[in-house]
Structure formats: C-alpha cells, structure tokens
1. Working only within region 493-531, note down all residues that are surrounded by fewer than 16 Cβ atoms within 10 Å (Cβ to Cβ), in contact (Cβ under 8 Å) with a residue 60 or more places away in the chain and not charged (D, E, K, R).
2. Find all pairs meeting these conditions: Cβ atoms under 9 angstrom apart; at least six residues apart or on different chains; first residue within region 466-492 and in a loop (DSSP other than H, G, I, E, B); second residue among the aromatic types (Phe, Trp, Tyr) and crowded, with 24+ Cβ neighbours inside 10 Å.
3. Counting just the residues of region 384-439 that are closer than 19 Å to Glu540 by Cα and of a type in the set (A, V, I, L, M), which one comes out surrounded by the fewest Cβ atoms within 10 Å (Cβ to Cβ)?
4. Mind listing whichever residues of region 208-252 are of a type in the set (D, E, K, R) and within 29 Å of the chain's Cα centre (by Cα)?
5. Given (1) closer than 30 Å to Leu265 by Cβ; (2) in contact with a strand residue (DSSP E or B) (Cβ under 7 Å, 6 or more places away or on another chain); (3) not in a loop (DSSP other than H, G, I, E, B), identify the lone condition not met by Ala115.
6. Select from region 24-67 the residues that are charged (D, E, K, R) and at pLDDT below 85 and write down the one among them that is surrounded by the most Cβ atoms within 10 Å (Cβ to Cβ).
7. Tell me which of these Phe237 doesn't satisfy, since it passes every other one: (1) outside any helix (DSSP H, G or I); (2) touching a His at 6+ places or on another chain (Cβ under 6 Å).
8. Which count do you get for residues in region 68-84 that are touching an Asp or Glu at 6+ places or on another chain (Cβ under 9 Å), surrounded by fewer than 19 Cβ atoms within 10 Å (Cβ to Cβ) and more than 16 Å from Gly113 (Cα to Cα)?
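The values are calculated or read from the model by the stated rules, or taken from the named source; none is laboratory data. These numbers were taken from a predicted model, which means no experiment stands behind them. Methodologically, a virtual Cβ is constructed for each residue, glycine included, from the backbone with ideal geometry; neighbour enumeration extends over all protein chains shown.
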Amino acid sequence: MNAIASLWPPPRERTTGERVFHRPPHLDWRGPTGAAFDRLRERLAVRGIECGAEPGFRVETRVDKGLSTSPEGYEIDITEGGARVCLASEQALFPACATLAQWFAGCERTQRGLAFQPTRIFDAPTFAARGVMLDVSRTRVPTMATLFALVERLSSFKINQLQIYTEHTFAYVGHEDVWRDASPFTPDEVRDLDRYCTARGVELVPNQQSFGHLHRWLKHERYRELAEVPEGVDHAFSIEREPYSLDLSNPRALALLDDLYDQLLPCFSSRIINVGLDETFDLGLGRARERCAEHGVERVYLSYLQAVHAKIAARGRRMQFWGDIIVKRPELVPLLPKDAIALEWGYDAGHPFAEHAQLFQASGLEFYVCPGTSSWQSIAGRSANMRANLVEAARHGRANGASGYLITEWGDRGYLQPRVVSEVGLALGAGCAWNADLQLDDDAEVARTLDEHVFEDDGGAIGELCLALGRAGELTGASSTNGSPLFFLLAFAREPLPHPRVVGLTDEGLERARAFLADLRPRIERVRSRRPDASTLTSELRFACDLSMFACDFGRARLSTATGSAVSAISRSVRAGLATRLTDLIAEHRRLWSLRDRPGGLDESAAWLERIEILLAG
C-alpha cells in the first residue's frame, strides 16, 4: 500500500515521487524533542523502529514562522537523504510527529531496510480547536485505563481538546450523597488525566453542567429547594418525574455553583470551562414563571447565563456554553458576554449549522460547531446520519468562521452502545476537524481507514462491519430522529405501537433488517485486530449485532398482535424464547461493561433491558 494513502487525517496537500529508496529502520532525530518527540518514539517503538540507537533515517526539524497562518501548520519533505520537517511554530510538532509516525508505519520493510518514496506534505488544520466530548454522566464512567487508551488514540488523530461531560460524576467533597454510587472521578484522577493529556498535546477542558441536566442532584431532598420546579417535571433523561434545572435566582443555587467550581477547576490546567446551560426546557414552569411571562424565557435565560459567566470570569477562566437556547431569540445573541465561546450542537443530518453559525459569526462571538458520533440511542450506530452530520458541521463551520469542532458522544437511555460503535464517529470526526474537505461517501475508503488507524485490522473486516451494522436501522424503512428505530423499540417497550419515535415501522422492514444482520453475524467471528483489546472488540461487535437482531424479533412479535397491544399480548411461547435470549444479552452487557467501565451506573443501564425482561414474563 502506498504510504501516502495511509495518512490520517489526510493532509490537504501532498505529493509523491516515483523512485523507491531504502534506509535502516532507525531514526536519527535532529531537532526539538520534548513531549511530542516522546510520543513519536513510543509509536515507532511498537513498529520496531528505534530512535537514536544508531545512524539511520535522518530527520531534521526547524521552525519557520512564515510557513502557515496556523501555528499548527507544517511541511514534511522526505527525500533520499531523509526528512526535513518545517514547523510554523513549536505547537506544530505534535501533529507533525503524528504524521511521521503514520508515515513510518506505512513504509514497507525489506531486507535492505525501510522502503519509501520521496514525499512532500504541506498541512495545516481547518479548525484550531479539535475536540471530543465524552459523556461520563449517563451511566457509563470509563476506567482510567480506558481513558488513557482513548487519549493516546485521539492524539494520534491530531485531536487537541478533550472534555468529560459531568453532571454528578466528580467526587465533590460535601456532596457524597449525589455521587456515592456513580463511581466518580476523584480530584487526583483528574489531575493524572490532565497531565497525561498535556503530554500528548491534548487540552483537558473541565465540563460541569450549571443550570439544566442537574436532576441527579435536585432529586435529593437536600437540593430540591434549589430547583426551578421542586415537584419535578417529565424529561427525556430519566423514567421518573424529577426536578431538572436550578433556580438561578436563588442565592443558595448560585452558592452551590461557587462550591463546584472551586473544587473542580484547580484540577485542570486549562483556562476554559464548559458550563453547559443547554436544554433548560423547564425554565418558566416553576419559580421563574412570572419573570418569564413578563420578559420572555430567553431573556431570563440570558440573565442567568450572565450570572454564571461572572463566576467563571472571577476565577480567571473562559466560559463555553451550548447555544441551543439563545438562538431562539437572535436579537439577544449580541448581548452575550464577548469572551464566551458558543457551542452550536446538532446531531441529525440537515441540522441548520449554517443558519446558526452565521448568527454567532455576525455577533462577533467565537463559536464551535458540535456534531455527534450518532452512536447513542442506536445499539450499533447510524452510519449514514453520522457521516452526513460530521461533514455538514465541518463544511458550514469552516464557511462561517468557526474556531473549533467538537465531536460529541452521548449515552442517553442507558448507554447501550458498546464502545467499538462510538470509536467510528470519533475517528471520522477527527478527520473532518483537521480537514473540512474530507469526503466520507466512499464506503471502501472509510472502512479501510478505520481498519488501519482505529482497529488495526490487517484483514480489513472491522471497519466494514461497523458501517454495515450502523445501516440496520435504516433497512427497517422506519424513520426516527436522534436514534435508531431498533433502539426505540426497546426503550419504549412499555408504550403502544405505533409509537411517534418510530414512524413507518413494518414487519417487512424488520424482517429485512433481521436478515441483513444474520448475514453479518458469521463475519464477526473472523475479525482479527492487533489491538491489545482485540477480543473485547470482537465481543462488542457480537453484542451489537445480537441485540439488534433481538430488537428486530421483539418488534415483529409486537407487530403480530393487535395495534396498541401491550407486550403481554405476544404469545406465551414467543415471549419465553425472547426472554431467554434477553437474559443472555443482559449478562453479556454486564460482562462487557466491566472490561472498560466502572461499576457505577451499570445497574441503571442494565435496567433499560431488564424492564423488557419483566414485560416478557408478564
């Protein structure tokens, strides 16, 4: 394989010669070292290439500030004599070293040494900030080993920011009743992660919800009086009716935020914090009802945002916030704090990134575009939606001056997607973040990229399987938003069919999807990955396929009964067979969880499947 074709993310400009040269598999490094060089040395060592052991392939590095308008721009010129690396600033050493590691990995080994062609690469990122936000609050809290492995991989993809989305999963002193059973991160763990990220060119950005999405706090009697609606509201993030947003007119609620920030922020070297502030749909339904009726919900929201901003500014930090509420009132956008960073999120293909981006750009406000992995509420992903969402965000973000691109990974309703499913969107999103011209419509090329750079599968199977599994929901012919029809059949098993989250569901469509999955299933047993977690990857693929097939069969069984019938209307023998399969799937879900994630949240996650088990037994 031509080494140039293997680089990821793909450089925006590259050339290659025709002749082939050979050099010993030793790196003779001449230039700045530090953390970026340490990572290069580690990555090459895995490939059997030593640095500085003896004279070999010579690499000379220098800085030329006029090279690129981006401080991360670089040029690599590889000739018969070795490689010359020119950096726009020392900040470019991390991405340049990541590219060198991939280039060396793509070189063929012969008896005469490394075989290579003359190559010239000119490269610079589309977006200065290229981030990943990982949900660690909706049941799944990864182990430190899982996070370290993720950071290493993201760094090799030239990602330079990571956020771990926090509602209640930080061990705040004095608030043990909130996080006691959640397996939270301790301050020492966050400091260790911050150091690990820094050594790999990744900024660990603190993330703490500060308005809505605080139901895991407010449901406790001790905090209920701080809620906008103390008696609770129905919301999409819990089956129970719970208080959801803070009443930020209450001095005690603001004092709670002071306490959280004062404990959290010292654990991070970053000077940014994402305070959330999204989806505050209960604002105006409770204690702020009169204010919202008089001034409008969004204007009251703006006053609350300004209060939170004042706290962040007082601590010498810069505030990020989700922009979904304020865009409803475009005339208020110019009133936002000028140093805030708006996060424009949207997760379905066709989201109005352009319209909202233009709004923030016109106000002079810095902003990121924030697509998603399309993995949550899906079991096995949503391949077509994922690729469209990632590409559209990059195109419209670049066209309208976004400074950042943040790939989001969520865990709504039990985080039932195994981690192998999420890795696809993270990797392809990293490509779009670096190079907004990236095309993701060639299935074979996308699968090859995943196999080489994500799953290390020399057999070329896992990437294609992941994309195929992510098409199963589409094959049903049913439509749904922010999730797959197969997932919603499970999540809303208590509710009658047809269901508004699964429109156009038919027996024929489910049979078609089921047959497609059955054809994929034997191929999973033949995958071969070189990763240390290869057996786990295979098990996760197997689980995603088996749970998807179960959803097809469960849906068909439900459609065979009278419209609107409960699960109990399914024949006893069919229910018994489904229950047996589900029991095994729940056991496997629990086993796989223990391999990558902490125990807190597992029972809550498994309960989403155990509820169906109870229905089948009824």
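1. Of everything in region 493-531, those that are surrounded by fewer than 16 Cβ atoms within 10 Å (Cβ to Cβ), in contact (Cβ under 8 Å) with a residue 60 or more places away in the chain and not charged (D, E, K, R) turn out to be Pro496, Pro498.
2. That search, which allows pairs on different chains as well, returns Ala478/Phe488; Ser480/Phe487; Ser480/Phe488; Asn482/Trp376; Gly483/Trp376.
3. Taking region 384-439 and keeping what is closer than 19 Å to Glu540 by Cα, we get 409-427.
Applying the additional criterion that residues be of a type in the set (A, V, I, L, M) yields 416, 420-421, 424, 426-427.
Values: Leu416: 27, Val420: 28, Val421: 27, Val424: 27, Leu426: 22, Ala427: 25.
If we take residues in region 384-439 being closer than 19 Å to Glu540 by Cα and of a type in the set (A, V, I, L, M), then Leu426 is surrounded by the fewest Cβ atoms within 10 Å (Cβ to Cβ).
4. Correct list: Arg216, Lys219, Asp234, Glu240, Arg241, Glu242.
5. The one condition Ala115 does not meet is (1).
6. So, considering only residues that are charged (D, E, K, R) and at pLDDT below 85, the one surrounded by the most Cβ atoms within 10 Å (Cβ to Cβ) is Arg47.
7. Failed condition: (2).
8. Counting residues in region 68-84 that are touching an Asp or Glu at 6+ places or on another chain (Cβ under 9 Å), surrounded by fewer than 19 Cβ atoms within 10 Å (Cβ to Cβ) and more than 16 Å from Gly113 (Cα to Cα) gives 2.
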